[in-house]
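Report on the structure given below.
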Amino acid sequence: GAVVSQHPSWVICKSGTSVKIECRSLDFQATTMFWYRQFPKQSLMLMATSNEGSKATYEQGVEKDKFLINHASLTLSTLTVTSAHPEDSSFYICSARDEVAGRHEETQYFGPGTRLLVL
Amino acid sequence: QKEVEQDPGPLSVPEGAIVSLNCTYSNSAFQYFMWYRQYSRKGPELLMYTYSSGNKEDGRFTAQVDKSSKYISLFIRDSQPSDSATYLCAMSAGSYQLIWGAGTKLIIKP
């Protein structure tokens, strides 16, 4: 149980284009999903908290208009990197809380990540 | 000072050895403690979850939390080359936001 998928697993795009990354909880419902960014040999950096049916909460320093988040259902959140530039190249990882399970209230289950390369 | 401190390593040990990974923290409000394993170019995988102080064992893995010292540990017995990965500690005060350590890169030599 508690499987989270991400699509695509990797993407290469030209500078100036927009890229959409999907995060799905496959066998549980997730009111809350999280989006992280990870640079090589560094830890996870929380970008935003995605809440189903409401606006996302962004961390300080993360541009809301640059990284658009939509959490339209209990099993799907999307991150759109708008007008991507080479400095946006990174490993993007989503996670979800399995709230129905209850026992692991504070744990997050992670997707496999999406590697973005902007040329 | 970071809220969570974790030695980035790398930590290199021979196969079969007992591995000890540690994190220290400064926020006494943390109640939930987790260890994640991350292979290269993959998302983190939850290994152990502990609430408050104490020990928890799962197979070859043992997690310890000492809240009085603000210190948590993950022990791996009979280490295998497949255990080679980056191990991240994470903790929370109950606000759903996880505070992460930097991760320790572990290398198990055959």
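Sequentially through region A:85-98, phi angles give Karplus couplings (6.51, -1.76, 1.60; θ = phi - 60°) of 10, x, 6, 7, 4, 5, 9, 9, 10, 10, 9, 9, 9, 8 Hz, Gly and Pro residues having no value and appearing as x. Rounded, prolate or oblate: which fits the protein assembly as shown when a ≥ b ≥ c are the square roots of the eigenvalues of the alpha-carbon gyration tensor, with rounded for a/c under 1.5 and prolate only if a/b beats b/c? It comes out prolate by the Cα gyration axes.
Annotation: extensible slack from residue A:66 through residue A:52 equals 3.1 nm (criterion: 0.36 nm per residue apart, minus Cα-Cα distance). Across region A:27-41, coupling constants 3J(HN,Hα) worked out from phi with the 6.51/-1.76/1.60 Karplus curve, θ = phi - 60°, read 10, 7, 9, 10, 5, 10, 10, 10, 10, 10, 10, 9, 8, x, 6 Hz, and Gly and Pro carry x.
Need one value for A:43-50: mean number of C-beta atoms belonging to other chains within 10 Å of its residues' C-beta atoms. Counting Cβ atoms of other protein chains within 10 Å of each residue's Cβ and averaging gives 4.
At a threshold of 8 angstrom on Cα-Cα distance, excluding pairs fewer than six apart, so keeping six or more, what relative contact order does region B:3-110 reach in percent?
Working: 270 pairs, mean separation 41.3, N = 108.
Averaging sequence separation for qualifying contacts and normalising by length gives 38 percent for region B:3-110.
3J(HN,Hα) along region A:60-65: 4, x, 9, 6, 5, 6 Hz, from the Karplus curve 6.51 cos²θ - 1.76 cosθ + 1.60 with θ = phi - 60°, whole Hz, x for Gly and Pro. Label-to-label distance for residue A:45 and residue A:73 is 3.2 nm, based on points extended 7 Å past Cα in the beta-carbon direction. Excluding residues on the same chain fewer than 8 positions from residue B:105, give the lysines whose Cα lies under 25 Å from its Cα. Counting by Cα, and skipping residues close in sequence, residue B:105 has these lysines nearby: A:41, B:2, B:42, B:56, B:67, B:70. Taking a ≥ b ≥ c as the square roots of the eigenvalues of the Cα gyration tensor, chain B is classed as prolate, since a/c reaches at least 1.5 and a/b is larger than b/c.
Protection proxy ranking, highest mean first, for peptides A:17-26, B:5-14: A:17-26, B:5-14, where packing is the per-residue count of other beta-carbon atoms within 10 Å, averaged. Of the solvent-accessible surface of the protein assembly as shown, computed with a 1.4 Å probe over protein heavy atoms with every protein chain present, carbon and sulfur atoms account for 50 percent. Could you work out the relative contact order of chain A, using alpha carbon pairs under 8 angstrom and six or more residues apart, expressed as a whole percent? For chain A, the relative contact order is 36 percent.
For the pair residue B:20 and residue A:9, a Förster radius of 25 Å applied to the C-beta separation gives a FRET efficiency near 0.15, rounded to the nearest 0.05.
Computed over protein heavy atoms with a 1.4 Å probe, the accessible surface of region B:53-110 works out to 44 Å² per residue.
Estimate for me the total accessible surface buried between chains A and B (protein heavy atoms, probe 1.4 Å, no ligands or nucleic acids), in Å² to the nearest 100.
The contact between B and A buries close to 1700 Å².
Write down Rg/Rh for region B:50-110, rounded to two decimals, with Rg from the C-alpha atoms and Rh from the Kirkwood relation over Cα pairs. Provide the component values of the computation, followed by the final result.
Values: Rg = 13.0 Å, Rh = 13.0 Å.
For region B:50-110, the value is 1.00.
The values are calculated or read from the model by the stated rules, or taken from the named source; none is laboratory data. All values derive from a computational prediction rather than experimental measurement. Don't worry about glycine lacking a Cβ; one is built from the backbone with ideal geometry, like all the others, and counts go over all protein chains shown. Remember, those area values only see protein heavy atoms, side chains included, never the ligands or the DNA or RNA. Shrake-Rupley method; radii C 1.70, N 1.55, O 1.52, S 1.80 Å.
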